[in-house]
Amino acid sequence: MSGTRRVSSDTHSLSVEMAASSSSPDEPSRSVFLGVDVGTGSARAGLFDEEGKLLGSSSSSIQIWKDGACVEQSSTDIWLAVCAAVKAACSKAEVAPTEVKGMGFAATCSLVAVDSDSSPVSVSWSGDSRRNVIVWMDHRAVEQAERINSSKSPVLEYCGGAVSPEMEPPKLLWVKENLQESWSMVFRWMDLSDWLSYRATGDDTRSLCTTVCKWTYLGHAHMQHVNDKESRDMEACGWDDDFWEEIGLGDLIEGHHAKIGRSVAFPGHPLGSGLTPTAAKELGLVPGIPVGTSLIDAHAGGVGVIESVPPSEAEEHDMEAICNRMVLVCGTSTCHMAVSRSKLFIPGVWGPFWSAMVPEYWLTEGGQSATGALLDHIIENHAASARLANQAATQKISLFELLNKMLETMIVELNLSFIAALTEDVHVLPDFHGNRSPIADPKAKGVIYGLTLDTSDKQLALLYLATVQGIAYGTRHIVEHCNAHGHKINTLLACGGLSKNPIFMQEHADIIGMC
């Protein structure tokens with residue numbers, strides 16, 4: 001398996017479309033492009049040159065509130081983190097504001113609520129107005145998702161046959177049914193990456209990526225507008241009004257879908273007049289810098305990685321080569337991204353989504369709702385966790401690196417020929433946060449088999465390894481299911497934090513049998 005860090009390809013490909021006007025003689029000749037990625041726990045900013053080389057990056061943590069199935073954040077806090085990350089990245093890379101020629105955002109598919117003044121509206125039982133973001137992993141709307149799925153609406157065919165509680169319609173319905181005052185106050189419901197673009201430019205145009213993948217927008221309604229450079233100005237044409245009426249959210253149709261997206265653009269199209277003076281001041285940049293329509297973070301990773309493999313001689317002139325690849329975007333969760341020229345309807349797997357990642361290709365999106373989050377959960381709730389964390393800190397390495405070293409030592413001590421033999425008696429079913437794909441059951445539960453009274457460091461290492469293996473078998477299930485329904489995936493690529501973990505990558509390669 002090829003483990004590829006998410007680098008500049010995604011940001012660069014968007015930024016080229018956002019080419020700024022020619023520089024004046026007094027301006028620096030260097031052109032730099034800024035990518036902002038907001039994940040579950042932090043906002044990251046990266047600066048790239050015209051060749052896609054990373055010049056500098058920085059990150060800033062963001063706050064998160066967890067209460068049972070409810071997981072919330074603050075858009076105000078997220079924007080402050082973005083500003084801090086951008087300023088720090090520019091400082092580290094020694095990039096002047098005038099050198100930045102274009103920028104774009106990618107973020108988790110969390111749901112943001114703002115009023116007519118663009119102020120936050122609470123989506124929390126607490127009533128705290130700061131908490132105006134329902135995080136992607138939030139599962140409060142399981143019952144609403146079940147009711148929506150019982151409608152048997154034709155739009156459900158384009159999300160694997162059923163919406164997930166991680167998508168936006170169930171969350172919207174939950175707010176309407178449980179927080180009526182907030183519901184009446186909200187003027188815009190936005191995916192986080194769209195909100196970031198709006199906050200930067202004042203342009204409420206939504207992304208084809210976010211609306212298709214998380215809102216049931218039918219992107220193929222745009223097919224006739226592929227070559228229309230002004231398609232971002234057209235009124236959204238992919239909403240199914242009957243669907244919104246059937247599920248009890250007909251009021252979102254009002255004003256030509258103004259609250260959920262009146263205008264939808266292909267990712268990368270420049271928004272408004274670029275960066276507003278207010279946003280430019282907050283970010284430490286120059287007003288008017290082109291800002292591209294956003295992508296969901298996993299999809300940005302997919303764009304950046306799916307063509308990162310040098311083509312073989314047989315593939316050199318084969319435009320379909322990327323259809324044999326699947327990108328694993330491995331972070332708090334893992335998204336499994338594959339594309340095809342024709343639409344493939346795969347039960348339990350999201351999609352087919354037209355042009356949601358690669359233009360004019362249909363996207364199939366599998367996923368595991370908890371991977372990095374599951375490893376953290378397993379480790380942090382073990383008796384040996386604090387002791388090993390201190391050891392790792394003393395050695396100035398990560399806890400994962402320490403556990404990997406322990407496993408390598410155990411192989412030698414036990415005279416084993418391969419690492420998987422260590423977990424002969426320990427097995428993990430990783431559905432601790434439900435099963436996103438291909439079973440598509442948010443109520444699924446995880447299992448740990450082989451527990452004893454042992455609370456030693458070595459037992460934690462084995463439990464960690466078994467969890468990695470369980471996650472890898474989950475990916476194998478997704479790959480085999482997709483191939484059984486029309487895909488021909490034979491190559492896996494990876495990006496995101498977990499792709500830096502050699503044991504995580506090796507176990508995926510061994511278990512799935514691909515590289």
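The values are calculated or read from the model by the stated rules, or taken from the named source; none is laboratory data. In this text, all values refer to a predicted model and were calculated from it rather than measured experimentally. Neighbour counts run over all protein chains shown; Cβ positions are idealised from the backbone, glycine included. Keep in mind that these areas ignore ligands, DNA and RNA; they rest on the heavy atoms of the full protein, side chains included. Shrake-Rupley method; radii C 1.70, N 1.55, O 1.52, S 1.80 Å.
For GLU246 and GLU50 in one chain, what is 0.36 nm times their gap in residues minus the Cα-Cα distance, to one decimal in nm?
That works out to 65.7 nm of additional length.
Divide, for the stretch 32-298, the radius of gyration over alpha carbons by 2.2 N^0.38 Å, where N is the residue count.
Compared with the compact-globule rule of thumb, the stretch 32-298 sits at 0.99.
At CYS237 and SER118, where each label point lies 7 Å from the Cα along Cα→Cβ, what is the point-to-point distance in nanometres?
2.9
How compact is the stretch 451-515 by the rule of thumb for globular proteins, expressed as Cα Rg over 2.2 N^0.38 Å?
This ratio for the stretch 451-515 stands at 1.33.
With label points built 7 Å along Cα→Cβ from the Cα atoms of LYS66 and ARG476, find their separation and express it in nm.
Rounded to a tenth, the inter-label distance reads 2.8 nm.
For the pair ASP425 and ALA509, how long in nm is the line joining their label points, each one 7 Å along Cα→Cβ?
Each label point is offset 7 Å from its Cα along the Cβ direction, giving 3.1 nm.
So for the chain, taking the charge dipole from beta-carbon charges (+1 Lys/Arg, -1 Asp/Glu), which of SER42, TRP239, ALA386 sits furthest toward the positive end?
ALA386
Given MET410, GLY250, LEU111, which one lies farthest toward the positive end of the charge dipole of the chain, if we put +1 on the Cβ of every Lys and Arg and -1 on the Cβ of every Asp and Glu?
Comparing the listed Cα positions along the dipole, MET410 ranks first.
For the ranges 165-175, 242-252, 471-481, what's the packing order if you count other beta-carbon atoms within 10 Å of each residue, average per peptide, and put the highest first?
Top of the packing list down: 165-175, 471-481, 242-252.
Dividing the alpha-carbon Rg of the stretch 408-447 by 2.2 N^0.38 Å yields what?
Compared with the compact-globule rule of thumb, the stretch 408-447 sits at 1.71.
For LYS92, give me every one of the aspartates and glutamates with a C-alpha distance below 16 angstrom, ignoring sequence neighbours fewer than eight places off in its own chain.
Correct list for LYS92: ASP49.
Can you give the % of DSSP beta bridges in the chain that are antiparallel, to the nearest 5?
70
In square angstrom, what is the accessible area per residue of the chain with a 1.4 angstrom probe?
Spelled out: the 1.4 Å probe surface of the chain, per residue, equals 41 Å².
Take every Cα-Cα pair in the stretch 372-512 and report what % of them are more than 19 Å apart.
Percentage above 19 Å: 55.
May I ask you to order 95-103, 345-353 by the average number of other C-beta atoms within 10 Å around their residues, highest value first?
Output ranking for 95-103, 345-353: 345-353, 95-103.
From Cα pairs below 8 angstrom and at least 6 apart in sequence, can you work out the relative contact order of the stretch 372-512, rounded to a whole percent?
The value is 25 percent.
Relative to a virtual label point 7 Å from the Cα of LEU453 in the Cα→beta-carbon direction, which members of the stretch 368-391 show backbone nitrogen distances below 18 Å?
Flagged as within label range: 383-384.
Once the dipole of the chain is set up with Lys and Arg at +1 and Asp and Glu at -1 on Cβ about the Cα centre, which of SER197, SER340, SER369 lies farthest towards its positive end?
SER369
According to the Cα gyration tensor, what semi-axes, each the square root of 5 times an eigenvalue, does the equivalent ellipsoid of the chain have, listed from largest to smallest in whole Å?
Equivalent ellipsoid of the chain: 35, 27, 24 Å, largest first.
Leaving ligands, DNA and RNA out of it, report the carbon-plus-sulfur percent of the accessible area of the chain at a 1.4 Å probe.
51
Could you calculate the FRET efficiency of LEU414 with SER126 from 1/(1 + (r/R0)^6), where r is the beta carbon distance between them and R0 is 41 Å, rounded to 0.05?
0.20
May I have the convex hull volume per residue, in Å³, for the Cα set of the stretch 159-202?
87
How big is the dipole moment of the chain about its Cα centre under a simple scheme where the beta carbon of each Lys and Arg is +1, that of each Asp and Glu is -1, and everything else is neutral? Debye, nearest 20, please.
820
Highest mean first, what order results for 260-266, 290-296, 403-409 on Cβ atoms within 10 Å?
Top to bottom by mean Cβ count within 10 Å: 290-296, 260-266, 403-409.
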